[in-house]
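The values are calculated or read from the model by the stated rules, or taken from the named source; none is laboratory data. It should be emphasised that the depicted structure is a prediction, and the values quoted were computed from it without experimental measurement. Cβ coordinates were reconstructed from backbone atoms using ideal geometry, including for glycine residues, and neighbour counts include every protein chain displayed. To get the accessible areas, we keep the full protein, side chains included, count just its heavy atoms, and leave off ligands, DNA and RNA. Shrake-Rupley method; radii C 1.70, N 1.55, O 1.52, S 1.80 Å.
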Amino acid sequence: MKLSAAVLVALVAVQAAVLLAAVPAAQAGELKLGYYGKKCKGVENIVKWHVIKALKANRRVGAALVRLIFHDCFVRGCDASVLLDASYDNPHPEKEAPVNIGLAAFDLLEEIKAAVEKRCPGVVSCADLLIYAGRDAASLLSNGHVHFDVPAGRLDGYVSKAEEAQAELPDSTDDVQKLIANFARKNFTVEELVILSGAHSIGQGHCSSFTGRLSEPATQITPAYRDLLNYKCPQGYNPAVVNNVRDEDYGVVARYMPGFTSRVRKVPDFLDNSYYHDNLAKIVTFHSDWTLLTHKEALGHVHEYADNGTPWDEDFSDSLVKLSKLPMPAGSKGEIRKKCSVINHQIMKASAVFLVLVAFQLAAAAVVQSTAPGTPTVGYYNDKCNCSVEDIISATVKSALDADITKGAALVRLFFHDCFVRGCDGSVLLDPTSANPNPEKTADANIGLRGFDVIDAIKTNLESACPNTVSCADILAFAARDASRYLSSGGVDYAVPAGRLDGVVSSAGDSDATLPGSTFDVSRLISNFAVKGFTLEELVILSGAHSVGRAHCSSFLDRLSAPDGEINPYFRDGVLAKECGGGAGQSALVENNIRDQSAAALGNLTSYVVPANGGDTLDHSYYINSLNNLVLFHSDRALVGNNATLKHVHEYADNGTLWNIDFAATLVKLSLLGMPPGSAGEIRKTCRSTN
């Protein structure tokens, strides 16, 4: 029997609906000790092994895990919602809330999840893994004094909202009455508030979390400690500072609190009752800590635990168990995530969208097949090709960069200039045609774009191995990741969500109207990035890509006459003016990073060069150069002239590892920019032209 196209469309649409309806979802049951005894034997040992290994490498990871338990459970119950990354459907999850500044150890939990999935796929929730890991961290940091059995059987939640985290979590500036009311909503007593606050014997806090303490009176903070904090938090900076003064640098303590030096520890982050001694001595970091002394009952418990650490060990263990039992909101459903940072529903949704696309393809006849894009997902091509798509791309990128390392920066720039215009759709790759003589790549904003040949080579290799399957848009996203990893010696690395389609629209006018200009001031930059859903901090993070690459003199001519206060005079007159003079003029190419200039050209500026292994190293040197007025573009210098952006410049100048992590996360967010609503796409046969 022959089926009409309409009937086929209906059948496939029904299959898509069934697929979406079949996404496994359940309501959490009662938590039980030994829950995984038969379901996943040895799971707790797997978790503990990974936690021990992580703490041996970096003891501060332990405090991060303990903090993660609280910041997860206190919002929507213990459902691992704090672990979810930003996505197309949810651009602002809990981890992006200001109150969650500095949350860490996500990578360790993904490592644990991957190990457990190998042993028992689809069995152990990320929510349970987080509690196990936090328990093990607390035990290790307390030399076994804090320990408890973990009831398990939690599910991973679907909902994660930054605004909920901001509204639910206690703030470091809260007074005692607000803290008591906040904890009471979660059924915690005043004593339990005091007990859980004792976790501040370990860990770190950013200066922005205790700015008020820098000017509080001597009745609230010991002046010597206040002076120490002011030293650690100079104006315009927002570094992380240890919560416990005994973990502070010995020299800093000797300078500001010489009487305390005997208590400084060589091994930081020991979880014990020292927090209560420090609080009574008014040498605690947060206002929310000191304010406990202003409430009679809370003060009594501070004295109680200062006098005897053993009861605190026991009571802290009990309070963590109680915290771990906070449930999801009534009626909530959950799942066992395959990966802790993304819900399974997104993968199923993409599959359903694929079926709908098939339905439309069946209905289309004798026309170029054009479909609506779905939601990119990690591992999208795993079951679509009899080859490793990512391995082919990675090998081609490596070969290209081994031959010419400058193409690495070109690929990263190409990716940004694609995604920022019409979403990540490969539209920047299209060549001029008689029907479209002015595509994006011909725009003034795209002067000097390169790397097209690398994308062409990748496409050719993939079409041979897996024809008509991998979009040029995905190729560019993967290639930019691989180039970033290569240029940073592995410091910048991340999983790439895929499943994009190639766009059929490309206009130079769109690029010139949308892309940020090198002459923009900071307010225009902030506005420009906000239109695409990026924060002020993410603007600063992405600007760090200017540690690599080159630029035409025409992009920074205004800097040749900038005042001394905005650019190093020798850099302006002795380097840039010479590079852009002579016959080459505005078309001359200049390295973005002074360390990639010749030593002879730099003269006495060589002392400012941030060391690196070879040229074109993607790292945090951009921020150091910015603070020294040694950057090419006015748009770079503008970030230093604004206090809101300057603090992030300082933050990343001080911590290159943090920038690596945040740059990777921001590139993922960039990669999720979608095509305009209603746009159609395809899988191009060649990346330079539509089918």
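Computed quantities for the displayed model
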{"read-out": "Largest-first ordering by accessible area, 1.4 Å probe, given options D636, D404, D493, D654", "value": "D654, D493, D404, D636"}
{"read-out": "Semi-axis lengths, Å, the range 382-493, gyration tensor of Cα atoms, sqrt of 5 times eigenvalues", "value": "22, 18, 12"}
{"read-out": "Rel. contact order, % - alpha carbon contacts under 8 angstrom, at least six apart, the chain", "value": "15 percent"}
{"read-out": "Note, ³J(HN,Hα) from phi for the range 500-508, Karplus 6.51, -1.76, 1.60, rounded to Hz, x at Gly and Pro", "value": "6, 10, 8, x, 10, 10, 8, 10, 4"}
{"read-out": "Accessible area of the chain belonging to carbon and sulfur atoms, whole % at 1.4 Å probe", "value": "54 percent"}
{"read-out": "Given charges at beta-carbon only (K, R positive; D, E negative), |dipole| of the range 211-261 in Debye", "value": "60 debye"}
{"read-out": "Rounded, prolate or oblate (a/c below 1.5 giving rounded, otherwise prolate when a/b exceeds b/c) for the range 71-130 by Cα gyration tensor", "value": "prolate"}
{"read-out": "Length gained when the stretch A680-N386 is fully extended (0.36 nm per residue, less Cα-Cα span)", "value": "103.1 nm"}
{"read-out": "Dipole of the range 156-300 [Lys/Arg +1, Asp/Glu -1 at C-beta], most positive-end residue of P170, S201, V159", "value": "S201"}
{"read-out": "Charge-dipole axis of the range 56-118 as Lys and Arg at +1 and Asp and Glu at -1 on Cβ define it, positive-most pick from S87, N58, V99", "value": "N58"}
{"read-out": "Long-range Cα-Cα pairs in the chain (distance over 45 Å), rounded percent", "value": "28 percent"}
{"read-out": "The range 92-130-the range 240-265 distance, computed between alpha-carbon centres (Å)", "value": "33 Å"}
{"read-out": "Debye, to nearest 20: dipole size of the range 564-691, +1 on Lys, Arg Cβ, -1 on Asp, Glu Cβ", "value": "460 debye"}
{"read-out": "For the range 539-642, alpha-carbon Rg relative to the globular expectation (2.2 N^0.38 Å, N residues)", "value": "0.98"}
{"read-out": "Per residue convex hull volume, Cα atoms of the range 635-691, in Å³", "value": "158 Å³"}
{"read-out": "Calculated diffusion of the range 65-211, Stokes-Einstein form, Kirkwood radius summed over Cα pairs, 20 °C and 1.002 mPa s, µm²/s", "value": "132 µm²/s"}
{"read-out": "Interatomic Cα distance distribution for the range 137-200, bins of 10 angstrom, percent", "value": "16, 34, 41, 9"}
{"read-out": "For V150, net neighbour charge (Lys/Arg +1, Asp/Glu -1) across residues whose Cβ lies under 9 Å away", "value": "-2"}
{"read-out": "The range 473-627 - Rg over Rh from alpha carbon coordinates, Kirkwood radius", "value": "0.98"}
{"read-out": "Separation of alpha-carbon centers, the range 34-56 and the range 401-429, rounded to whole Å", "value": "42 Å"}
{"read-out": "Gain upon complete extension [T211, T535; 0.36 nm per residue less C-alpha separation]", "value": "114.5 nm"}
{"read-out": "Which of L228, V43, N438, positive extreme of dipole for the chain (C-beta unit charges)", "value": "V43"}
{"read-out": "The range 299-330-the range 142-171 distance, computed between alpha-carbon centres (Å)", "value": "15 Å"}
{"read-out": "Residue pairs, from the table K532/K647; K95/K339; K532/K669; K459/K685, whose Cα atoms sit over 19 Å apart", "value": "K532/K647"}
{"read-out": "Å² of accessible area per residue within the range 406-531, as computed with a 1.4 Å probe and no ligands counted", "value": "33 Å²"}
{"read-out": "Intensity falloff of the range 95-159 expressed as log10 I(q)/I(0), Debye formula with alpha-carbon point scatterers, at q = 0.29 Å⁻¹", "value": "-1.22"}
{"read-out": "Estimated dipole of the range 169-229 in Debye, rounded to 20 [Cβ of Lys and Arg +1, of Asp and Glu -1, Cα centre]", "value": "100 debye"}
{"read-out": "Cα gyration tensor of the range 192-305 - equivalent ellipsoid semi-axes, whole Å, descending", "value": "21, 16, 13"}
{"read-out": "Neighbourhood net charge (13 Å Cβ-Cβ; Lys/Arg +1, Asp/Glu -1) for L320", "value": "-4"}
{"read-out": "Rounded to whole Hz, the Karplus (6.51, -1.76, 1.60) HN-Hα couplings of the range 29-37, x for glycine and proline", "value": "x, 6, 6, 9, 5, x, 4, 9, x"}
{"read-out": "By accessible area with a 1.4 Å probe, ligands and nucleic acids excluded, highest first: order of K296, K384, K41", "value": "K296, K41, K384"}
